[in-house]
1. Could you list all residues from the stretch 55-96 that are hydrophobic (A, V, I, L, M, F, W, C), within 20 Å of residue 161 (Cβ to Cβ) and exposed (fewer than 12 other Cβ atoms within 10 Å of the Cβ)?
2. Residues in the stretch 260-269: is at least one within 14 Å of residue 193 (Cβ to Cβ) and in contact with a Lys or Arg (Cβ under 7 Å, 6 or more places away or on another chain)?
3. In this structure, does residue 288 turn out to be modelled with pLDDT of 95 or more and crowded, with 24+ Cβ neighbours inside 10 Å?
4. Take the residues in the stretch 97-108 that are touching a residue at least 60 places away in the same chain (Cβ under 8 Å) and not in a loop (DSSP other than H, G, I, E, B), then tell me which one is most open to solvent (accessible area, probe 1.4 Å).
5. Restricting to the stretch 185-220, name every residue that is open to solvent by 10 Å² or more (accessible area, probe 1.4 Å), modelled with pLDDT under 95 and within 18 Å of residue 374 (Cβ to Cβ).
6. Tally time: how many residues in the stretch 363-386 are more than 19 Å from residue 300 (Cα to Cα) and β-branched (Val, Ile, Thr)?
7. Being at pLDDT 95 or above, open to solvent by 10 Å² or more (accessible area, probe 1.4 Å) and either under 30 Å from residue 239 (Cα atoms) or among the hydroxyl-bearing types (Ser, Thr, Tyr) (or both) is the filter here, so list the residues in the stretch 165-184 that pass it.
Amino acid sequence: MTTPNLSTDHSRAKLVEDEDFGTGVSRADRPTSFSADDFSVPTGEEEEWRFTPMDRVADFIGNRLLASPAKVTSDSAKLETVTRKDPRLGTVGEPDDRSAALAWEAFSEAYVVTIPNDDEAHEIAVSFNVPDGMHAAHTAIIAEAGSKGTVVLEHTGTGELTEGVEITVGDEAELTVVSVQEADRTARHFSNQRISVGRDAKVKHILVTIGGDLVRISTSVSYQGEGGTAELLGAYITESGEHQEHRIFVDHGPKNCVSRATYKGALQGEEAHSVWIGDVLIRAEAANTDTYELNRNLVLTRGAKADSVPNLEIKTGEIVGAGHASATGRFDEEQLFYLQARGIPEDIARRLVVRGFFAELVEQIGVESIENKLMAAIERELDIAELEANSEEPK
């Protein structure tokens, strides 16, 4: 299968050997707190906000956030509804920006999903339906030591959702978490997802964003013991006028840990805007770290824009490997010509190129229902692009 001819940017890598990064240089120096008062109201000039359309996020970063509880449903008996005083909450890292701290302060009840170690591979689906207005949700996913399971978080609706997700992966556990953003075009969604990876544990974290006027999701990973593995996958389809922002921070502390991040997006329509920020920190004590991050964007029409910034900070030379790559490009006309020259009509050739662009990532998801949902969304977008292209042709 052919893939688009993309330009690659390996910029902004940093090899840091000094113990003192200096204020504002290291990603690790960014403040964290459960109190929104510890963060100033952002103006858009800050590094973590400079790509975000500030005029569209005022409700998420103001002085106080007034929100109703999000409506949550699940068929699983393993989903508990708890008060914010539950001791299992607030145990995975801390919010790292004002919106995340406000989300922590806003929820009145939370949800806890526990994956037990009982020799069964559990599959749990949790649905968030967000009506008009501002809503808050907080979810803790706990995979006990040695357990195996998959948790799918599905987000739909028309309103605004500010959300915190804590994910604890116990020693030698294997957990897959899928977060699907499939809200209406009017919806806005902020999510702060924090992951703790235990000794010899494996986590696969998957983001699928195929809806919403504005989506900003920050995912952070920390390791609590040696031998942990984190795989971060993301797929997004950004339409006209939409802003989709995905940020990751992988903090390597213990030795012998692995991380892989692969995000791919397709954009089409005027003012469609995607942002991907990939921060990886390898601390001085994190010997034998193996990490790689990749972001690729396929721009289907004029007027769409993709910003992609991979950052790699290394404080030790004793690593297995560390790398990153970012690529953004349009259809390769030569590839389309190649397919058409073999009798394939142009519209089908374009579909083949886009499918091929996403195929490898989709195969890695490993959850059939989510794979089907993503491929269906890709087909819908191709139908829209074809209709728009036909409408622009001279009569």
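The values are calculated or read from the model by the stated rules, or taken from the named source; none is laboratory data. Since the model is a prediction, treat every value here as computed from it, not as a measurement. No Cβ is skipped: glycine too gets one built from the backbone with ideal geometry, and neighbour counts run over all protein chains shown. These area figures cover heavy atoms from the full protein model, side chains too; ligands, DNA and RNA do not enter into them. Shrake-Rupley method; radii C 1.70, N 1.55, O 1.52, S 1.80 Å.
1. Within the stretch 55-96, 58, 66 meet the criteria.
2. There is no residue in the stretch 260-269 that is within 14 Å of residue 193 (Cβ to Cβ) and in contact with a Lys or Arg (Cβ under 7 Å, 6 or more places away or on another chain).
3. The answer is no for residue 288.
4. 105
5. Within the stretch 185-220, 210 is the sole residue that qualifies.
6. 3
7. Selection gives 168, 176.
Here is a yes/no grid of residues against (1) under 23 Å from residue 322 (Cβ atoms); (2) over 12 Å from the mean Cα position of the chain (by Cα); (3) not in a loop (DSSP other than H, G, I, E, B):
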{"residue": "191", "(1), (2), (3)": "no, no, yes"}
{"residue": "194", "(1), (2), (3)": "yes, no, yes"}
{"residue": "204", "(1), (2), (3)": "yes, no, yes"}
{"residue": "212", "(1), (2), (3)": "no, yes, no"}
{"residue": "216", "(1), (2), (3)": "no, no, yes"}
{"residue": "248", "(1), (2), (3)": "yes, no, yes"}
{"residue": "263", "(1), (2), (3)": "yes, no, yes"}
{"residue": "276", "(1), (2), (3)": "yes, no, yes"}
